[in-house]
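Below: one structure, written as structure tokens.
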Number of protein chains: 2
Amino acid sequence: MVKDKPAVMDATSHKIWDLVTIGAGPAALSAALYTTREDITTLLFEKGVIGGLAAITDWIDNYPGFPKGVAGLELSDNLRLQAERFGAVIELGEVMSITDKGTHKLLATTSGDIKARAVLIATGSDYKKLGIPGEAEYFARGVHYCATCDGAFYRGKKLVVVGGGNSAVQEAIFLTRYATHIDLLVRGDSMRASEVLQHELNDYKDKISVHFNTTTDEIVAKDNVVTHVVSTNSKTGKQKNIITDGVFIFIGLRPNTGFLKDTKIALDEIGLIKSDSKLETNMPGVFVAGDVRSGATMQIASATGEGDTAALMIREFLHDLK
Amino acid sequence: MVKDKPAVMDATSHKIWDLVTIGAGPAALSAALYTTREDITTLLFEKGVIGGLAAITDWIDNYPGFPKGVAGLELSDNLRLQAERFGAVIELGEVMSITDKGTHKLLATTSGDIKARAVLIATGSDYKKLGIPGEAEYFARGVHYCATCDGAFYRGKKLVVVGGGNSAVQEAIFLTRYATHIDLLVRGDSMRASEVLQHELNDYKDKISVHFNTTTDEIVAKDNVVTHVVSTNSKTGKQKNIITDGVFIFIGLRPNTGFLKDTKIALDEIGLIKSDSKLETNMPGVFVAGDVRSGATMQIASATGEGDTAALMIREFLHDLK
């Protein structure tokens, strides 16, 4: 029944956009589907991959609505098509800064200056990488950064977990509900995890073997299936192969917030963006949703849900602007 | 790669369930997909329709991931299958009360007493109905209760809006972005909407005609397409047909919280359940998600996103219980 609208506008044809999203992952695409359906002119600005982390994930088992799971690329294509159907415009490029001009925000971008009445920051967060051979090649097919997302694929299997901080210990313990055995590789000679977590880790001695002073050097696969990790004991210099079905790497999160360095938009202690119950940041008219938001669950369903909630809050904000 | 688990348990076979959800709409089904995937035993208790309001909605255009939209029944079937795939158990019946027993909650239900370590309230809210001929028959096919959801289906069409409160006026104004003309039918001789909104309504005189003292008696269709509304002026007794393409009814929300009357679980001024940033109510271990939560957007994507977030919070709660 809806008259679909072609995306005929480009970034510069609008004097002031109602909404510019920074990022075009699940949160921004879901917000855009809501706003454009209500004739709020919307430009999505993406410096990387449209669909974000979802697009580069092989298989997604836990996005509600797909009983057998869905390929990450299919889901992100769907999200893009759905937003474009109602008139969302997507442009590739990078936003370098946001300045509050009162009546609008000014975005300095690689495509020139862009004006927006409201801004949605949905740039996501990246998992920190080890930067070793095999890590990128087997991403999401043996190499993982999210236990909640991919742990269930390893029922009855052996795993390697890399990291010595809170999240590494927490997620290693969590993964024992699936894996028969876990080798936890810690680069330093002690844990950085909290006392409480280290204490808890002791209860899992039979399932988790901790290796200190151990670097993770390479992830090796045969016929595209991960078989082992090459590691080195930094004290003895001895190299060792650790047989495994998969590798989970928990060495931190890198929120994509570099472009905010000259603003006063408030971040939490790990660099995620703070927001109120309306998903608005401390710069009026600038909202945040998805993996870059403080409190984010790093789950696609949370990101799309927040995108939709943000769209309704942005609509209210734009209405009150008039 | 995941070994799917058949739903072999029933409500009474577990001495204490890890999680019981009250309701089995999109929020509860999404939460259950997360919890069961992590071997948290989960029972969903539903007194009405599995899939909730989504299941009885003809066509859903704005659930992220379905670029052409999706039939409500298909989406809710998908959500059910996905939860059941990982071992969620669904039982039909009604929960009459929740009592906090310290180590667990006791639910009095039509299937007897059920014990749960954690509870997710996801009973949703119903839109209040006029109870007139044609209203149920043409639900979601000419008769609507959500402008954000269905307004876009009426681009360039004529609409009737029923109600005299804040939401009726707000949504009538919102619907002017689609409809060419709106007849607003108000039962009383004045608005209950706020002064601010009434003032704003004046700016839409050319698009919204307000009819006071006007009851809405019947919604009439021809060949399954709504053609007009039969109304009566309660002062003059004169009946009148109002030609329209669709009817939006905004006479209030009825949150499904009757079973909470003997608890101290805090509600807001319209009877929706209050929660903190972890979606936990003021009864520890009792969480809330979806349309029955104070602050809910009444959108499916928000409900599934909250269901997933609630599941992660419930996992943390259960972990800390040990």
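The values are calculated or read from the model by the stated rules, or taken from the named source; none is laboratory data. The model shown is predicted, which means the values in this text are computed figures rather than measured ones. Here the Cβ is made from the backbone with ideal geometry for all residues, glycine too, and neighbour counts use every protein chain on show. Remember, those area values only see protein heavy atoms, side chains included, never the ligands or the DNA or RNA. Shrake-Rupley method; radii C 1.70, N 1.55, O 1.52, S 1.80 Å.
Can you spot a residue in the range B:86-100 that is within 15 Å of A:PHE66 (Cα to Cα), open to solvent by less than 40 Å² (accessible area, probe 1.4 Å), at pLDDT 95 or above and within 14 Å of chain A (Cβ to nearest Cβ)? Don't jump to the end; show me each part of the working.
Within the range B:86-100, the first condition is being within 15 Å of A:PHE66 (Cα to Cα), and the residues that meet it are B:86.
Imposing the further condition that a residue be open to solvent by less than 40 Å² (accessible area, probe 1.4 Å) reduces the set to B:86.
Next, only the ones that are at pLDDT 95 or above stay: none.
Checked the range B:86-100: no residue is within 15 Å of A:PHE66 (Cα to Cα), open to solvent by less than 40 Å² (accessible area, probe 1.4 Å), at pLDDT 95 or above and within 14 Å of chain A (Cβ to nearest Cβ).
When A:GLY271 is tested against (1) free of Cβ contacts under 8 Å to residues at least 40 places away in the same chain; (2) open to solvent by 20 Å² or more (accessible area, probe 1.4 Å); (3) touching a strand residue (DSSP E or B) at 6+ places or on another chain (Cβ under 7 Å); (4) not in a strand (DSSP E or B), just one condition goes unmet, and that condition is (2).
What is the residue count in the range A:238-255 for residues that are out of contact with any strand residue (DSSP E or B) (no Cβ under 6 Å at 6 or more places or on another chain) and either open to solvent by less than 30 Å² (accessible area, probe 1.4 Å) or under 30 Å from A:LEU272 (Cα atoms) (or both)? Adding up the residues that qualify gives 3. Tell me which residues, restricted to the range A:101-145, are aromatic (Phe, Trp, Tyr) and open to solvent by 50 Å² or more (accessible area, probe 1.4 Å). A:PHE139 - this is the single residue of the range A:101-145 that is aromatic (Phe, Trp, Tyr) and open to solvent by 50 Å² or more (accessible area, probe 1.4 Å).
Restricting attention to the range B:37-58, the residues that are more than 8 Å from chain A (Cβ to nearest Cβ) and either open to solvent by 10 Å² or more (accessible area, probe 1.4 Å) or farther than 22 Å from B:ASP113 by Cα (or both) add up to 15. Just to be sure, is B:ALA24 more than 9 Å from chain A (Cβ to nearest Cβ), open to solvent by less than 10 Å² (accessible area, probe 1.4 Å), modelled with pLDDT of 90 or more and assigned to a helix (DSSP H, G or I)? So B:ALA24 fails the test. The residues listed here are B:HIS228, B:HIS211; of these, the one that is open to solvent by 20 Å² or more (accessible area, probe 1.4 Å), under 29 Å from the mean Cα position of the chain (by Cα) and over 22 Å from B:GLU137 (Cα atoms) is B:HIS211.
Just to be sure, is A:PHE287 assigned by TED's automatic domain parsing to the domain that holds A:ASP100 and part of a strand (DSSP E or B)? Explain how you work it out, then say what you get.
Numbers: assigned by TED's automatic domain parsing to the domain that holds A:ASP100: yes; part of a strand (DSSP E or B): yes.
Answer is yes for this residue.
Any residue that is more than 14 Å from chain A (Cβ to nearest Cβ), at negative phi and at pLDDT 95 or above - is there at least one of those in the range B:294-314? No: the range B:294-314 contains no residue that is more than 14 Å from chain A (Cβ to nearest Cβ), at negative phi and at pLDDT 95 or above. Among the residues of the range B:105-156 satisfying the criterion of being within 14 Å of another protein chain (Cβ to nearest Cβ) and in contact with a helix residue (DSSP H, G or I) (Cβ under 6 Å, 6 or more places away or on another chain), which is farthest from B:ASP245 (Cα to Cα)? Here the residue is B:ALA122. Scanning the range B:163-189 for residues that are open to solvent by 10 Å² or more (accessible area, probe 1.4 Å), more than 10 Å from every other protein chain (Cβ to nearest Cβ) and either free of Cβ contacts under 8 Å to residues at least 24 places away in the same chain or not in a loop (DSSP other than H, G, I, E, B) (or both) yields B:ASN166, B:SER167, B:GLU171, B:HIS181, B:ASP183. Being in contact with a strand residue (DSSP E or B) (Cβ under 9 Å, 6 or more places away or on another chain) and either on the phi > 0 side of the Ramachandran plot or away from every other protein chain (no Cβ under 14 Å) (or both) is the requirement here; does B:ASP262 meet it? Judged against the criteria, B:ASP262 is a match. Being open to solvent by 50 Å² or more (accessible area, probe 1.4 Å), in contact with a strand residue (DSSP E or B) (Cβ under 8 Å, 6 or more places away or on another chain) and either free of Cβ contacts under 8 Å to residues at least 24 places away in the same chain or not assigned by TED's automatic domain parsing to the domain that holds A:SER30 (or both) is a description that does not apply to A:LYS235. Taken over the range A:275-322, the criterion of being within 21 Å of A:LEU53 (Cα to Cα) and open to solvent by 20 Å² or more (accessible area, probe 1.4 Å) is satisfied by A:ASP291, A:ARG293, A:SER294, A:GLY295, A:ALA296, A:THR297, A:MET298, A:ILE300, A:GLU306, A:THR309.
How many of the residues making up the range A:50-81 are within 15 Å of A:ALA31 (Cα to Cα) and touching a helix residue (DSSP H, G or I) at 6+ places or on another chain (Cβ under 7 Å)? The number of residues fulfilling the criteria is 6.
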